[in-house]
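The values are calculated or read from the model by the stated rules, or taken from the named source; none is laboratory data. All values reported here derive from a predicted model rather than from experimental measurement. Reconstructed Cβ throughout: ideal geometry from the backbone, glycine too, with neighbour counts over all protein chains shown. These accessible areas exclude ligands, DNA and RNA; they are computed on the full protein's heavy atoms, side chains included. Shrake-Rupley method; radii C 1.70, N 1.55, O 1.52, S 1.80 Å.
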Amino acid sequence: RGGPDQCHDITVYSELGLAGGACGGYGLLLDISDPVNPKRLDFAADTNFAFWHSATFNNDASKVIFTDEWGGGTSARCRATDPVAWGANTIFTIKNGKMTQHAYYKLPAPQTAQENCVAHNGSLVPVPGRDIMVQGWYQGGVSVLDFTNPDRPTELAFFDRGPLDSARIFTGGSWGAYWYNGYIYSSEIARGLDILEFTPSAQLTKNEIDAARSVVLEEFNPQSQPKIVWSATFSLPRAYLDQLERSKGLGAGRIAQARRDLDAAERLAGTQRQQALTRLATGLEPQAARAGDAARVRLVVQAIRDLAAKG
């Protein structure tokens with residue numbers, strides 16, 4: 001920690017041998033597969049960023065989000081007149097150890113001149129098949145963003161208490177918001193701790209929420225990012241089917257039949273359940289070749305096969 005040429009925060013993703021450094025004036029990508037001898041893979045600078053503050057990888061480390069804590073979090077940078085790139089996130093894809101910058105993300109609801117508001121601390125939300133992050137924005141509140149498409153990040157949900165004072169600005173709001181075992185915990189500087197829970201919507205279904213809740217961590221440290229692994233539950237293939245329906249990545253009739261077959265299999269037990277699930281996976285597998293989203297169909301098939309193996 002220190003001045004503009006020293007790293008403020010390092011996010012370590014040890015399971016994939018990577019670290020992301022937010023170093024005041026730039027973002028850094030490190031190879032830490034040999035932790036005694038780390039190597040710099042790439043760096044990025046951006047004249048729109050005032051203070052590179054933190055880094056968050058997606059689960060397979062094909063993307064990284066850097067945040068800009070403009071003014072140390074004391075400035076009102078979410079007003080309608082502020083450019084989207086100021087005090088915001090920016091998204092990079094990672095390929096062969098090199099970063100490519102894509103879009104910016106700032107919470108879409110304009111804030112007042114009396115609310116300090118910039119991008120700050122957050123974490124991944126373990127919805128399978130999507131890249132979703134929750135983070136605090138000081139008096140901008142809490143924002144949940146989907147950055148699966150790095151060129152078109154979108155807000156899925158938000159929580160905002162409103163300004164502390166309508167006449168003047170002083171530091172307050174959500175210092176950080178983190179997902180942990182089914183809930184979002186937001187540390188509100190002036191007003192205490194907020195504990196939030198998702199409710200289903202067209203953008204985030206009950207099955208997707210249930211699949212995220214199936215991920216249970218023994219501990220959480222946002223500077224030591226864990227690799228998310230989903231257990232074999234019925235919510236997992238159902239979440240993928242919801243995503244296929246949303247994207248029209250598989251025919252509506254085939255999705256409806258798969259849902260009926262999953263419901264029927266869940267009512268069975270033992271060998272009968274295993275056989276029903278295996279039949280379903282075998283019947284779905286050829287659909288990938290004709291589907292608009294072949295990769296997600298294969299995820300459904302694998303999730304069903306894992307359920308069958310679980311018994």
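Carbon and sulfur atoms: what percent of the 1.4 Å accessible area of region 174-247 do they account for?
55
Using each residue's phi in region 187-204, evaluate 6.51 cos²θ - 1.76 cosθ + 1.60 at θ = phi - 60° and report the 3J(HN,Hα) Karplus result to the nearest Hz, with x for Gly and Pro.
Those phi angles translate into 8, 8, 3, 9, 10, x, 9, 9, 10, 10, 9, 6, 10, x, 8, 5, 8, 8 Hz.
Take the residue pairs LYS39/LYS227; LYS95/LYS206; LYS39/LYS95 and return only those whose Cα atoms are more than 23 Å apart.
Listed pairs above 23 Å: LYS95/LYS206.
Step through the residues of region 20-34 one at a time and calculate ³J(HN,Hα) from phi using the Karplus curve (6.51 cos²θ - 1.76 cosθ + 1.60, θ = phi - 60°), rounding each to whole Hz and writing x for Gly and Pro.
Along region 20-34, the couplings run x, x, 9, 10, x, x, 6, x, 10, 10, 10, 8, 10, 4, 10 Hz.
Take the chain, mark every one of the GluC sites (Glu not before Pro) that falls in a DSSP loop and has at most 13 other Cβ within 10 Å, then report the longest stretch left between them, sites excluded.
So the longest stretch without any such site is 1-196.
Could you list the chymotrypsin sites (Phe, Trp or Tyr not before Pro) in region 154-205 that lie in coil according to DSSP, counting only those with at most 16 other Cβ atoms within 10 Å of their Cβ?
Of the chymotrypsin sites (Phe, Trp or Tyr not before Pro), the ones in loops of region 154-205 whose Cβ has at most 16 other Cβ atoms within 10 Å are PHE170.
I'd like the Karplus ³J(HN,Hα) series for region 215-224: coefficients 6.51, -1.76, 1.60, θ = phi - 60°, whole numbers in Hz, and an x wherever there's a Gly or Pro.
Each residue of region 215-224 in turn: 7, 10, 9, 6, 8, 9, 9, x, 8, 10 Hz.
Would you kindly work out the equivalent ellipsoid of the chain from its C-alpha gyration tensor and give its semi-axes, the square roots of five times the eigenvalues, largest first in whole Å?
38, 22, 17
Could you give the length gained on full extension between ASN96 and TYR183, defined as 0.36 nm per residue of separation minus the Cα-Cα distance, in nm?
Full extension of this stretch gives 27.9 nm more.
Pull out the extension gain between ALA113 and ALA264, defined as 0.36 nm times the separation in residues minus the alpha carbon to alpha carbon distance; nm, one decimal.
In short, 48.8 nm is gained.
Over region 181-283, with a single point scatterer placed on each C-alpha, what log10 of the ratio I(q)/I(0) does the Debye formula yield at q = 0.11, 0.18, 0.19 1/Å?
-0.48, -0.99, -1.06
So, for region 175-311, what is the accessible surface per residue at a probe of 1.4 Å, expressed in square angstrom?
Value returned for region 175-311: 53 Å² of accessible area per residue.
Calculate, for region 4-128, the solvent-accessible area per residue in square angstrom, rolling a 1.4 angstrom probe over the heavy atoms of the protein chains.
Accessible area per residue: 39 Å².
According to a simple spin-label model (label point 7 Å from Cα along Cα-to-Cβ), what is the distance in nm between ASP151 and ARG298?
Going from the ARG298 label point to the ASP151 one covers 2.3 nm.
Given a 1.4 Å probe and every protein chain left where it sits, what share in percent of the accessible area of region 1-159 is carbon and sulfur?
That fraction is 53 percent.
Pull out the extension gain between GLN203 and ALA252, defined as 0.36 nm times the separation in residues minus the alpha carbon to alpha carbon distance; nm, one decimal.
Full extension of this stretch gives 15.9 nm more.
Per 5 Å bin, what is the whole-percent P(r) computed from every C-alpha pair distance within region 86-205?
Over region 86-205, the share of Cα pairs per 5 Å bin runs 2, 11, 21, 23, 19, 13, 7, 3, 1, 0, 0 percent.
List the trypsin sites (Lys or Arg not before Pro) in region 1-70 that DSSP assigns to loop (not H, G, I, E or B) and whose Cβ has at most 14 other Cβ atoms within 10 Å. Which are they?
ARG1
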